[in-house]
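A.B. asks: First, the structure itself, so that you have it in front of you.
Rule-based calculations on the coordinates, nothing more; no lab input. All figures in this text were calculated on a predicted structure; none of them were measured in a lab. Neighbour counts are summed over all protein chains in view; Cβ atoms, including those assigned to glycine, are modelled from backbone coordinates with ideal geometry.
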Amino acid sequence: MLIESLGKGEGVFRILKSFGWALSGIRQVSMTQPNMKIHLTAALLVIIVCVSLLHMPALELAIVILAIFMVLAAEMFNTALEAAVDLTTTRRHPLAKVTKDAAAGAVLLTALNAVVVAYLLIWPHLRNQILR
């Protein structure tokens, strides 16, 4: 059905609208969630250092960027789950706590992974720059 509607221009419009909604979600989380602001600031600084100061090889840079995007995506899922829980209940419930804690735990795991990636890939380059 999507293939058939692509010829009519309808499918392309729908795809563009989907991108618009996705960008709106990214913007919403970026503007309202303090942790996302921290993640985005750290990500920008790391990418600037990796590219301009350390001149990291493309494969290493790709791995660093993948780790960064994993953290950002986890924060988006965390925010979405928290909003869904808040929408469904205003009282404390054990399952709501499990949902929110698990989502926050996912963010923590991806952030720890990013720290390991930084240690393995960025730290050796930084150490070489410092010891010059």
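A.B. asks: Conditions: (1) within 18 Å of the chain's Cα centre (by Cα); (2) touching a residue at least 12 places away in the same chain (Cβ under 8 Å); (3) closer than 30 Å to P124 by Cβ. G105 meets all but one. Number of the miss?
C.D. replies: So G105 meets the others, but not (2).
A.B. asks: How many residues are outside any helix (DSSP H, G or I) and not polar (S, T, N, Q) if we restrict to region 80-130?
C.D. replies: 3
A.B. asks: Only residues that are under 12 Å from the mean Cα position of the chain (by Cα), crowded, with 17+ Cβ neighbours inside 10 Å and more than 14 Å from V107 (Cα to Cα): list them for region 30-49, please.
C.D. replies: Once the filter is applied, which keeps residues that are under 12 Å from the mean Cα position of the chain (by Cα), crowded, with 17+ Cβ neighbours inside 10 Å and more than 14 Å from V107 (Cα to Cα), region 30-49 yields only A43.
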